[in-house]
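Q: Mind having a look at this structure? Questions to follow.
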Amino acid sequence: MKLLKKTLSTCLLPLVLATSAQADDHSGSAEVKAIPVSSGLYMLTGDGGNVGVSIGEDGTFAIDDQYAKMATKITEAIKDLSGEAPKFLVNTHWHGDHTGGNEHFGKQGAIIVAHESVRDNLKIAKSIKLFNMHKPPSPKEALPVVTFKNEMSLHLNGDDIRLIYVADAHSDGDVIVHFTKANVIHAGDTFFNGFYPFIDVESNGSIAGMIAACNVVLALTDEKTKIMPGHGPLANKADLVAFRDMLVKAEANIQALIDAGKNEAEIVAAKPIAEFDKEWGDGFIPSDMWVKIVYSGMIK
């Protein structure tokens with residue numbers, strides 16, 4: 001796990017350090033690996049968020065598409081799995097490490113599906129000030145053409161797939177994808193398996209929303225459920241419970257300091273999440289930075 005987390009940190013570090021004008025300024029040099037999840041279901045890793053892929057009699061259905069320069073490699077990986085260009089593509093949220101390939105797949109004919117706020121966010125210039133990241137408006141081909149407000153379903157490859165909106169969690173447009181028959185869930189960036197998660201406070205994300213999203217997913221799981229996190233290795237219910245419990249304790253620790261009248265600097269200095277650093281701090285967001293992110297969302 002440590003080695004895997006180090007590898008993931010290397011892939012995700014540019015998200016923190018990027019200073020270019022493009023949100024997806026990546027070389028595309030990472031290799032895409034396909035991890036079997038269930039019959040006809042795979043998780044693709046590479047550079048960016050984990051991609052979910054369903055391949056079957058109705059064609060290829062994909063969830064997210066990493067950075068733009070990974071699109072060709074994702075296409076090749078799907079072909080290696082005997083799949084074709086995706087007919088449907090769901091975006092779990094608007095960030096460039098999950099939607100960068102939209103234009104590529106949109107031009108190939110994929111019907112892009114997302115929560116309505118994802119289309120709104122992709123249509124305009126967006127910034128994440130904390131990381132000095134900026135993205136221009138996305139071209140028409142990259143925009144979702146099917147949007148929804150709360151929930152919708154797709155019926156593909158022998159499964160009934162629920163798309164469930166969770167409000168103001170990692171961002172303002174997070175969607176959980178539930179393969180009801182396969183007992184598989186793609187949790188998007190409401191779940192970072194093994195390290196502190198980025199929370200996009202500027203897009204209305206919050207730790208309270210993250211906890212609520214975890215509880216939505218947990219209500220859909222049993223001991224056999226397989227969960228694709230937005231980042232990190234393939235997971236199960238116990239992994240998500242551990243993540244949720246960490247978030248709950250971290251929120252409580254920081255809230256106690258807020259209630260005591262402490263300011264941001266004093267809260268960071270108090271090391272309110274030190275007890276979690278050994279297990280969760282080996283990711284791409286340093287502990288003190290994560291406290292600042294969580295705090296900013298709690299006082300917003």
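The values are calculated or read from the model by the stated rules, or taken from the named source; none is laboratory data. These figures come from a predicted structure and were not determined experimentally. Note that we place each Cβ from the backbone using ideal geometry, even for glycine, and neighbour counts take in every protein chain shown.
Q: Which one of the conditions (1) more than 23 Å from Ile293 (Cβ to Cβ); (2) outside any helix (DSSP H, G or I) does Ile199 fail to meet, given that it meets all the rest?
A: (1)
Table: residues versus (1) more than 13 Å from the chain's Cα centre (by Cα); (2) over 22 Å from Asp239 (Cα atoms); (3) part of a strand (DSSP E or B).
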residue: Glu141; (1), (2), (3): yes, yes, no
residue: Asp160; (1), (2), (3): yes, yes, yes
residue: Ile164; (1), (2), (3): yes, no, yes
residue: Ala169; (1), (2), (3): no, no, no
residue: Gly205; (1), (2), (3): no, no, no
residue: Ala212; (1), (2), (3): yes, no, no
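Q: Quick one: count up the residues across region 42-95 that are of a type in the set (A, V, I, L, M) and without any contact (Cβ under 8 Å) to a residue 24 or more places away in the chain.
A: Number satisfying all stated conditions: 1.
Q: Moving on to the next point. So is Thr60 of a type in the set (Ser, Thr, Tyr), assigned to a loop (DSSP other than H, G, I, E, B), in contact with a Gly (Cβ under 8 Å, 6 or more places away or on another chain) and modelled with pLDDT of 95 or more or not?
A: Taking the combined requirement at face value, the residue does not satisfy it.
Q: If you don't mind, there's one more thing I want to ask. Residue under question is Asp245, and the condition is that it be in contact (Cβ under 8 Å) with a residue 40 or more places away in the chain, surrounded by fewer than 18 Cβ atoms within 10 Å (Cβ to Cβ) and either assigned to a helix (DSSP H, G or I) or not hydroxyl-bearing (Ser, Thr, Tyr) (or both); does it hold?
A: For Asp245, the condition - in contact (Cβ under 8 Å) with a residue 40 or more places away in the chain, surrounded by fewer than 18 Cβ atoms within 10 Å (Cβ to Cβ) and either assigned to a helix (DSSP H, G or I) or not hydroxyl-bearing (Ser, Thr, Tyr) (or both) - is not met.
Q: I want to confirm something. Restricting to region 171-202 and keeping residues that are among the hydroxyl-bearing types (Ser, Thr, Tyr) and under 14 Å from the mean Cα position of the chain (by Cα), which single residue is surrounded by the most Cβ atoms within 10 Å (Cβ to Cβ)?
A: Only one residue fits best here, namely Thr190.
Q: Also: I'm checking my understanding of the structure. Among residues of region 271-300 that are modelled with pLDDT of 95 or more and basic (Lys, Arg), which one is nearest to Lys249 (Cα to Cα)?
A: Checking each candidate, the answer is Lys271.
Q: Could you list, ordered by first residue, the pairs with Cβ atoms under 8 Å in which the first is in region 98-125 and farther than 20 Å from Lys149 by Cβ and without any contact (Cβ under 8 Å) to a residue 60 or more places away in the chain and the second is surrounded by 19 or more Cβ atoms within 10 Å (Cβ to Cβ) and of a type in the set (Phe, Trp, Tyr), at least 6 apart or interchain?
A: Gly101/Tyr67; Ala110/Phe88
Q: Let me ask something else about it. Which one of Val175, Val217 is touching a strand residue (DSSP E or B) at 6+ places or on another chain (Cβ under 9 Å), part of a strand (DSSP E or B) and either in contact (Cβ under 8 Å) with a residue 40 or more places away in the chain or at negative phi (or both)?
A: Going through Val175, Val217 in turn, the sole match is Val175.
Q: Please verify whether region 128-145 includes one or more residues that are touching a strand residue (DSSP E or B) at 6+ places or on another chain (Cβ under 9 Å), among the basic types (Lys, Arg), at pLDDT below 95 and surrounded by fewer than 24 Cβ atoms within 10 Å (Cβ to Cβ).
A: Checked against the condition, which is being touching a strand residue (DSSP E or B) at 6+ places or on another chain (Cβ under 9 Å), among the basic types (Lys, Arg), at pLDDT below 95 and surrounded by fewer than 24 Cβ atoms within 10 Å (Cβ to Cβ), region 128-145 yields at least one hit.
Q: Something else about it: If you scan region 257-274, which residues turn out to be part of a helix (DSSP H, G or I) and either in contact (Cβ under 8 Å) with a residue 12 or more places away in the chain or in contact with a Leu (Cβ under 6 Å, 6 or more places away or on another chain) (or both)?
A: Scanning region 257-274 gives Leu257, Ile258, Glu264, Ile267, Val268, Ala274.
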